[in-house]
1. Go ahead and set up a Gaussian network model of the chain, Cα springs under 10 Å, then flag whichever of LEU11, LEU63, LEU39 fluctuates most.
2. Using only the alpha-carbon atoms, how far is helix 46-56 inclined from the longest principal axis of the chain? Give it as 0 to 90 degrees, nearest 10.
3. Going toward the positive end of the dipole of the chain, with +1 on Lys and Arg Cβ and -1 on Asp and Glu Cβ, which of SER48, PRO31, LEU75 do you reach last?
4. Which residues' amide hydrogens lie under 5 Å from the amide hydrogen of VAL132, considering only partners 5 or more residues apart or on another chain, with H built in the peptide plane?
5. Pop a pseudo-label 7 angstrom from the Cα along the beta-carbon direction at both ASN133 and VAL10 and give the gap in nm to one decimal.
6. Top mean-square fluctuation among PRO81, PRO33, PRO45, Gaussian network model of the chain, C-alpha springs under 10 Å?
7. Which net charge results for the neighbourhood of ALA102, defined as the other residues with beta-carbon distances under 11 angstrom from its beta-carbon, given Lys and Arg at +1 and Asp and Glu at -1?
8. Top mean-square fluctuation among VAL105, VAL27, VAL83, Gaussian network model of the chain, C-alpha springs under 10 Å?
Amino acid sequence: MSRLRAALGVLVFAAGVIAGVLAAQLVNPPPPPSPWASLASVEEPSASAAVASMIAHDDAQGLSRALDSQLLQKLAQAIQPLVSIDTVEFTGATETQGDILAGYVAGGTDQTGNGVIIGVVFRVRDGKVVGVN
């Protein structure tokens, strides 16, 4: 008789758990769809790859030839607080409204010698870097 009670108790408990899970699924709505549409990936643009290479190799003259003064200022702001850059890696690119947005991660050190990693996005249009964020 006590085994029957124990089995019945376990059965009632399991039924309660199952009913609770089903009720929770019915009461809680699914998450809404993402408001940000996924954008298709594209290959790394050669213009941003060249700029990234110049940054990685500390080529100030090449950067001054490749970017106008306004873009150079934006680049300086984007890579702050880095004072020494060790690596620049391409993370991905996408195309939107005729522009290619190419993302990079730069790693190096700040003024105090601490390691820092920052992200930079180049906007490329018609094979030329036209924006930096």
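Just so you know, all these numbers are worked out from the coordinates, no wet-lab data involved. Computed from a predicted structure; not experimentally measured. Don't worry about glycine lacking a Cβ; one is built from the backbone with ideal geometry, like all the others, and counts go over all protein chains shown.
1. Highest fluctuation among the options: LEU11.
2. Roughly 80 degrees, rounded to the nearest 10.
3. Final value for the positive-end residue is PRO31.
4. Those lying under 5 Å, H to H, from VAL132 are ARG123.
5. So the label points at ASN133 and VAL10 sit 5.8 nm apart.
6. Result for the chain, Cα springs under 10 Å: PRO33 fluctuates most.
7. Spelling it out: positives minus negatives among the neighbours equals -3.
8. VAL27
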